[in-house]
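Enquirer: I am attaching a structure below and will ask some questions about it afterwards.
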Amino acid sequence: MDAGLHRTEPVPETVARLTDGEWHRLHPASPLLKGGIALIAILGVVLANLRERLIGLFLPHYDEGGDPVDYVLNHGFVVQALLGIVVVLLVLIAAFSVSWRMHTFRITSEVVEVRSGILFRTNRKARLDRIQGINIVRPFFARLFGAARLEISQAGHDANVQLAYLASGAADDLRREILRRASGTTVAQASPVAAIAGRRLIDRRMEELLAPELDPGLAEPDSVVKIHLGRLLGSIALSGGTAFAALIVAGTIVWIALTGQLFGLFVVLPSLVGFGSYYVRRFTKSLRYSIAGTPDGIRVGFGLLSTSNETLPPGRIHSVEVSQPLTWRPAGWWQIRVNRASHTSGRGSENQANTTILPVGNLLEVIRVLELMLPDLIGQRAGGLIESGLVSKGDDAFTDSPRRAAWLRPLSWRRNGFLVAPGSLLLRKGALWRRLIIVPQARLQSVAVVQGPVLRMLRLADIHLHTVNGPIRASLDAIDRDTAVGFFERVAELAVLAGEADTSHRWRSGEAS
């Protein structure tokens with residue numbers, strides 16, 4: 001155990017062993033789960049298609065005139081065939097064993113390090129103070145083996161470190177311990193060690209398959225936000241993709257009715273199959289979707305057969321966007337996306353990178369999720385500010401575009417504005433497609449004011465807030481020129497002060513040791 005960590009409470013024995021700074025091996029089934037099964041399947045297909053040539057290679061008298069299995073049985077080559085199968089299996093087992101032995105990891109008080117490779121060695125490190133999130137993925141087949149993949153996200157492209165695979169029961173405790181070390185606290189939280197050695201294997205697997213994705217003891221029940229099944233189906237039905245698919249079907253029907261030719265079906269059917277598979281994936285991945293606040297950040301989990309849950313520590317969200325398509329407005333539904341400095345290999349509920357935190361939710365759920373993600377940034381007036389930014393038509397605490405901006409924003413100039421709140425910057429825009437963008441001041445990288453010829457003539461300017469790359473573009477068009485300049489000067493000063501006061505890289509360093 002690292003000398004710099006003084007524990008006052010015990011941690012599970014397995015976690016204590018895996019975090020002692022020594023090198024350890026992964027789950028014994030890791031080679032199979034990482035592609036070994038696919039390799040065996042491909043090898044089986046190749047052997048099935050080339051069996052005549054292979055038998056002819058070892059048995060020169062085989063004339064390829066009949067079934068090779070009958071030839072082996074009728075000529076007494078069963079022992080030789082079985083020996084060949086045994087040799088192939090032994091070679092595969094030896095290869096998997098070497099791969100498993102050469103793939104090791106260690107966890108210290110500063111880094112998580114992984115070494116892998118047989119001929120070409122790879123060494124990857126994740127510094128604990130640079131961790132952007134920890135994701136635990138449990139593919140369905142891996143769950144049958146009681147295994148899970150733990151992925152540590154870092155800033156940058158292809159910078160993540162994976163532990164694929166660990167024992168499923170140890171993965172959650174190990175994540176909790178890594179986050180504890182990354183948080184800067186030296187006090188380990190108590191985590192009971194379950195005595196499962198005497199229980200049957202099948203009982204343990206059933207318990208793991210049926211267990212909730214979020215441990216009820218980790219978060220207060222009031223802090224957990226879940227997606228209603230009917231709302232999930234409704235959001236899919238009212239999405240833009242559904243409308244596009246409906247237009248394709250309607251156009252095809254009209255074409256067939258006018259021309260009497262069925263050729264259009266051959267063009268449309270592949271597209272409809274693609275839409276259908278996309279919606280099935282989106283629906284199944286959004287089942288059991290939950291967002292909860294934990295001591296180490298916000299936890300996002302989803303999935304039915306293959307599950308994923310990720311913890312985002314405080315300060316790892318660089319900007320937030322709450323948006324509402326026009327088709328969702330009658331139902332009052334919204335979506336929340338974020339910009340992050342890291343990218344996990346897992347895919348979200350919409351088969352995109354995990355930037356969608358809330359696929360669909362009502363106004364109360366949106367406010368609750370934003371308070372979980374940004375608990376210290378919006379302040380006591382969070383609910384009112386968020387609601388005003390989302391549904392207000394203007395004439396409120398936001399500084400909106402002047403009337404002359406109607407030449408450029410005829411529908412949205414009244415609700416096109418900004419608000420400087422304690423610790424955060426809010427940008428509101430859009431009349432048909434409503435959006436509210438929240439940028440934590442400590443995460444702001446730069447601010448810019450842009451003015452082209454048309455804007456100069458109208459005495460207007462555009463505002464740009466720069467954060468890490470992602471789906472969110474934090475900008476605001478057609479703001480009064482003098483107001484934009486004042487915003488620029490004020491925000492530049494606030495960003496420096498917020499950055500100096502930010503301690504989110506060690507978010508629990510103030511706790512007693």
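Enquirer: If DNA, RNA and ligands are ignored and the probe is 1.4 Å, what is the ranking of V485, V267, V322 by accessible area, most exposed first?
Expert: Sorted descending by solvent-accessible area, the residues read V267, V485, V322.
Enquirer: From the protein chains alone at 1.4 Å, what is the descending order of accessible area for V86, V11, V112, largest first?
Expert: Numbers: V86 70, V11 25, V112 0 Å².
Output order, biggest surface exposure first: V86, V11, V112.
Enquirer: A follow-up question, please. Shape verdict for the range 355-513, please, from the Cα gyration tensor: rounded (a/c under 1.5), prolate (a/b greater than b/c) or oblate. Numbers along the way, then the final one.
Expert: Values: a/c = 2.18, a/b = 1.43, b/c = 1.53.
Here the range 355-513 falls in the oblate category.
Enquirer: Do any trypsin sites (Lys or Arg not before Pro) in the range 103-144 lie in a DSSP loop with no more than 13 other beta carbon atoms within 10 Å, and if so, which?
Expert: The qualifying sites are R121.
Enquirer: Would you mind calculating the gained length between L304 and F263 on full extension (0.36 nm times residue separation, minus the Cα-Cα distance), in nm to one decimal?
Expert: 10.9 nm
Enquirer: Once you put a point 7 Å from the Cα of V420 and another 7 Å from the Cα of E489, both along the Cβ direction, what distance in nm separates them?
Expert: 1.0 nm
Enquirer: What spacing in nm lies between the two simple spin-label points modelled at A95 and T327, each 7 Å away from Cα in the Cβ direction?
Expert: It works out to 4.7 nm between the two label points.
Enquirer: Probe radius 1.4 Å, ligands and nucleic acids left out: which of W328, W407, W333, W23 has the largest accessible area, and how do the rest follow?
Expert: Details: W328 10, W407 205, W333 35, W23 80 Å².
Ranking W328, W407, W333, W23 by accessible area, largest first, yields W407, W23, W333, W328.
Enquirer: To continue, here is another question. Say R0 is 45 Å: what FRET efficiency, to the nearest 0.05, do Q445 and V280 get from their beta-carbon distance?
Expert: Taking R0 as 45 Å, the efficiency between Q445 and V280 is 0.70.
The values are calculated or read from the model by the stated rules, or taken from the named source; none is laboratory data. Not measured: the values here are computed from a predicted model. Using ideal geometry, Cβ is built from the backbone for each residue, glycine included, and neighbour counts are taken over all protein chains shown. Note: areas computed on protein heavy atoms with side chains; ligands, DNA, RNA excluded. Shrake-Rupley method; radii C 1.70, N 1.55, O 1.52, S 1.80 Å.
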